[in-house]
1. Restricting to the range B:56-72, give me the number of residues that are more than 11 Å from chain A (Cβ to nearest Cβ) and surrounded by 23 or more Cβ atoms within 10 Å (Cβ to Cβ).
2. Please pick out the residue among A:Arg115, A:Arg93 that is of a type in the set (Lys, Arg) and either over 21 Å from A:Gly38 (Cα atoms) or in contact with a strand residue (DSSP E or B) (Cβ under 8 Å, 6 or more places away or on another chain) (or both).
3. If we keep just the residues of the range B:102-127 that are surrounded by fewer than 20 Cβ atoms within 10 Å (Cβ to Cβ) and facing chain A (nearest Cβ under 7 Å), which is modelled with the lowest pLDDT?
4. How many of the residues in the range B:30-61 are closer than 22 Å to B:Pro114 by Cβ and modelled with pLDDT of 85 or more?
5. Restricting to the range A:47-66, name every residue that is of a type outside the set (Asp, Glu), under 16 Å from A:Lys100 (Cβ atoms) and more than 12 Å from the chain's Cα centre (by Cα).
6. A:Met59 passes all but one of (1) within 12 Å of another protein chain (Cβ to nearest Cβ); (2) in a loop (DSSP other than H, G, I, E, B); (3) surrounded by fewer than 18 Cβ atoms within 10 Å (Cβ to Cβ); which number fails?
Amino acid sequence: MAVNLLIVDDSGVMRSMIKKSVQMSGLQIGEIHQAANGREGLNALDQHWIDLVITDINMPVMTGEEMIGQMHDRPDLKSIPTIVVSTEGSQTRIERLKRKGLRFIHKPFSPEMLRDTVKDVLGSEVFYEPSA
Amino acid sequence: MNPALSRKLVEVTADTLEKMAFIFTFPAEDVAAMEGQIQEVVRVDFSGPFGGGMELSLPSSALAELAVNMLGTEDGEELSAEQQRDALKELINVVCGNVLPVVAGHVAEFNLRPPYMVSGESPIWDDPAAVGYLVLESGACRVRMRIDRSLAQELPGLDAADGPP
């Protein structure tokens with residue numbers, strides 16, 4: 001099964017870093033969609049089938065936390081696995097996100113951290129078998 | 001100016017440069033290494049229990065290396081000036097996000113605004129709360145922090161983060 005991804009971050013450089021890390025991870029990737037804020041992220045979710053959302057928190061127009069809140073208000077979006085990749089240092093906010101079932105990765109992150117978290121969230125069956 | 005805060009600022013900046021861009025640095029005491037260099041200056045403002053901003057000045061000559069290392073581009077692939085500045089903006093964003101819990105504790109919630117390049121019209125920071133310098137292969141960089149209230153002695157994270165002498 002190929003996984004369709006949505007990467008939401010206002011930094012084009014960070015979107016590229018996440019995209020490259022995911023592509024290196026061995027994940028079976030279908031489509032990769034990108035959005036620069038939560039509003040664009042919700043639009044992308046309305047237009048495409050998405051299996052995994054990777055999002056920042058601090059963004060203009062609509063924050064990642066607001067986007068996640070709206071996703072959880074909608075039956076068609078609330079069960080989409082979501083990983084937050086952020087510089088967020090407030091345990092208060094991180095715990096609030098984790099209580100919603102989200103995973104959290106702190107920036108700066110390594111490609112291995114992202115791969116392992118995606119594997120935890122989606123399972124190893126969506127990764128290519130490592131060659132012997 | 002708060003020396004403990006300045007040290008933390010330098011530590012976090014050095015750590016972020018190393019982890020995000022594989023750029024290795026060491027602290028510097030003064031600005032001598034920056035003289036004569038054209039600098040790219042980026043800032044990010046934040047709000048929360050207290051407001052303020054963070055600023056990073058990096059030699060223009062280091063921008064390309066920073067962006068290439070962050071993006072992991074193929075050999076010979078050139079990045080645009082906009083991509084290079086976007087890399088610098090993301091760098092200050094990560095530095096700021098990692099400094100705030102060190103100085104304010106892990107309970108406080110802050111909101112970071114989008115980083116921006118400093119131009120001639122940007123306000124001058126006359127009295128930053130912290131300033132530090134780092135030497136890198138292609139020159140030196142300066143990092144500063146502005147806090148919109150005089151609480152340099154009240155920051156809850158600093159004592160604990162500083163540890164025993």
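The values are calculated or read from the model by the stated rules, or taken from the named source; none is laboratory data. All values reported here derive from a predicted model rather than from experimental measurement. Counting neighbours? That spans all protein chains shown, and the Cβs are built from the backbone with ideal geometry, glycine included.
1. Residues in the range B:56-72 being more than 11 Å from chain A (Cβ to nearest Cβ) and surrounded by 23 or more Cβ atoms within 10 Å (Cβ to Cβ): 3 in total.
2. None of the other options fit; the residue is A:Arg115.
3. Among those residues, the one meeting the criterion is B:His106.
4. 20
5. Once the filter is applied, which keeps residues that are of a type outside the set (Asp, Glu), under 16 Å from A:Lys100 (Cβ atoms) and more than 12 Å from the chain's Cα centre (by Cα), the range A:47-66 yields only A:Thr63.
6. (3)
For every residue, the table says whether it meets (1) out of contact with any Lys or Arg (no Cβ under 9 Å at 6 or more places or on another chain); (2) surrounded by 18 or more Cβ atoms within 10 Å (Cβ to Cβ).
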{"position": "A:Ser79", "(1), (2)": "yes, no"}
{"position": "A:Val85", "(1), (2)": "no, yes"}
{"position": "A:Arg99", "(1), (2)": "yes, no"}
{"position": "A:Phe104", "(1), (2)": "no, no"}
{"position": "A:Ser110", "(1), (2)": "no, no"}
{"position": "A:Asp116", "(1), (2)": "yes, no"}
{"position": "A:Asp120", "(1), (2)": "no, no"}
{"position": "A:Tyr128", "(1), (2)": "yes, no"}
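A quick yes/no check of all residues on (1) in contact with a Pro (Cβ under 7 Å, 6 or more places away or on another chain); (2) part of a strand (DSSP E or B); (3) charged (D, E, K, R):
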| position | (1), (2), (3) |
| --- | --- |
| B:Glu77 | no, no, yes |
| B:Arg85 | no, no, yes |
| B:Asn93 | yes, no, no |
| B:Glu109 | no, no, yes |
| B:Pro114 | yes, no, no |
| B:Trp125 | no, no, no |
| B:Pro128 | no, no, no |
| B:Val131 | no, yes, no |
